[in-house]
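This report refers to the structure that appears directly beneath it.
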Amino acid sequence: MKILAVQNRMGIGDTVIFLPYIQAISKKFDTPVNLLVKQSSKADQYLNQTKYIDKIIFLNRDRQNRNGRHNGIIGSFRLVKDLKNYDFDKIFIFNSSLRYNLIAKLAGIKEIYQYPLFKKLNQHITQPAINLIKDSLDVEVGSYPQIQINDDRIKNSILKFSINNETLNILLGIGGSGPTKRVPSKTFLSVMEKISNIKKCRFFLATGKNPEEQIILNDILNSKFKNFCVPLDNLTIEETLPVIKNCNISICNDTGFGHLSSALNIKTITLMVDTPLIYGSYSSNMYPIIPDGEHTVSHTTSGKNKINPDKIFDKLVSLID
């Protein structure tokens, strides 16, 4: 039996958040599931060792790139042709798009399971997925995404980075997909100061190569904690995963590293500054911190300068005790 799941949202977090539902499908039918995702999800870098995932098929469709293979009406027929080559028996479509419904039918996929059509406006992020799996498979799904890594890679990472159990190993996800998501370096440095006063610590700094992210990285590397820091910006996501897995705890901006950390079963403090709170609280491994003076977080919240380091520290201490 060949099964395809369609998840056409953009980023790493958008893909990770749907993993419990994909895993439920795999368990129900006792077979790994193929994924159709956008290239921006980078799914091939963190799901290539996860046993309930089979092939990762990239959707080459981008509003900013009119030349994408799957763009427009002609692109839809190309996608039909591409999917026919796999001879899928079932498809689970995690959106309300008529386009994907028609593509599935034209590709000859006999069993189609999908959100209710034309219901995208103001749609909850996860509730339709919960309903889809419950209604189609009669399965209740928890909110714990799981990413798997080969044990040898985890062991090799311990040797490569000299990770030991006598030190509190903390992942700091200091990057972010946009400037409004990046909490200032002074906030992280304040937490590093507080926790270093009571624990022997090592900090693994996860960020990208964006110039603004590099400024935050260099602020921390040029501080008095530089000898206790390991920058990870020269590693691929795949190379970073075993390092994250060896950390005791994570403190992350709204960044892909926070989603990956929680899915690797690491307790993850999520710093939510301008993204709907669900993105930092959907997993039982996530412990969100919101800006001072706010009761929740949305896209209109400008909260990166209002994240209280004392609250991060208090939560950190409660999780490691």
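The values are calculated or read from the model by the stated rules, or taken from the named source; none is laboratory data. As the structure is a prediction and not an experimental result, all values here were calculated from the model. Backbone-built Cβ (ideal geometry, glycine too); neighbour counts: all protein chains shown. Surface accessibility is based on the protein's heavy atoms, side chains included, excluding ligands, DNA and RNA. Shrake-Rupley method; radii C 1.70, N 1.55, O 1.52, S 1.80 Å.
Give me the base-10 log of I(q)/I(0) for the stretch 147-293 at each q in 0.11 Å⁻¹, Debye formula, one uniform scatterer per Cα, rounded to two decimals. The calculated log intensity ratios at q = 0.11 Å⁻¹ are -0.37. The candidates 200, 194, 209, arranged from most to least accessible area with a 1.4 Å probe in the full protein assembly, appear as 200, 209, 194.
Kindly state, to the nearest 0.05, the FRET efficiency for residue 319 paired with residue 87, given R0 = 51 Å and r defined as their beta-carbon distance. Walk me through the numbers before you get to the answer.
Details: r = 47 Å, r/R0 = 0.92.
Efficiency at R0 = 51 Å is approximately 0.60.
Using every pair of distinct Cα positions in the stretch 1-95, the Kirkwood expression returns a hydrodynamic radius of 13.6 angstrom.
Amide H contacts under 5 Å for residue 289: 270, 271, 272, restricted to partners 5 or more places along the chain or on a different chain, H placed in the peptide plane at 1.01 Å from N. Each residue of the stretch 154-164 was assigned a 3J(HN,Hα) from its phi angle through the Karplus curve 6.51 cos²θ - 1.76 cosθ + 1.60 (θ = phi - 60°); the sequence is 5, 5, 5, 5, 4, 5, 5, 9, 6, 7, 9 Hz, with glycine and proline shown as x.
Rounded, prolate or oblate: which fits the stretch 29-140, taking a ≥ b ≥ c as square roots of the Cα gyration tensor eigenvalues, rounded meaning a/c under 1.5, else prolate when a/b beats b/c?
Because its axes are fairly even, with a/c under 1.5, the stretch 29-140 counts as rounded.
Split the accessible area of the chain by element, probe 1.4 Å, and carbon with sulfur accounts for 49%.
In this structure, residue 112 and residue 151 have a Cβ-Cβ separation that, at R0 = 35 Å, corresponds to a calculated FRET efficiency of about 0.40. Amide H contacts of residue 57 (H built 1.01 Å from N, in plane; Pro and chain starts excluded): 35, 36, 37 sit under 5 Å, all sequence-distant by 5 or more or on other chains.
Computing FRET efficiency as 1/(1 + (r/R0)^6) for residue 77 and residue 29, where r is the C-beta to C-beta distance and R0 is 35 Å, gives about 0.75. Here the Gaussian network model covers the chain, with springs between Cα atoms less than 10 Å apart; of 279, 287, 86, 86 fluctuates the most.
How much length, in nm to one decimal, is gained on full extension between residue 238 and residue 144, taken as 0.36 nm per residue of separation minus their Cα-Cα distance?
Details: separation 94, 0.36 × 94 = 33.84 nm, distance 2.05 nm.
Gain on extension, residue 238 to residue 144, equals 31.8 nm.
Each label was represented as a point 7 Å from its Cα along the Cα-to-Cβ direction; for residue 69 and residue 180 these points are 3.4 nm apart.
When the P(r) is computed for the stretch 180-253, the part past 16 Å accounts for 49% of the Cα-Cα pairs. Take the Cα of residue 123, step 7 Å along the line toward its Cβ, and report every residue of the stretch 268-299 whose backbone nitrogen sits under 13 Å from that point. Within reach of a label on residue 123, which here means backbone N under 13 Å from a point 7 Å along Cα→Cβ, the stretch 268-299 contributes nothing. Label-to-label distance for residue 226 and residue 167 is 1.7 nm, based on points extended 7 Å past Cα in the beta-carbon direction.
The gain in end-to-end length when the residue 160 to residue 1 segment is fully stretched comes to 53.2 nm, 0.36 nm per residue minus the alpha carbon separation.
How big, in percent, is the set of alpha carbon pairs in the chain lying more than 34 Å apart?
Values: 13704 of 51360 pairs.
So the pairs more than 34 Å apart make up 27 percent of the total in the chain.
Note that the stretch 248-321 presents 38 Å² accessible area per residue, ligands and nucleic acids not counted, probe 1.4 Å. Considering all different alpha carbon pairs of the stretch 206-321, the Kirkwood hydrodynamic radius works out to 15.0 Å.
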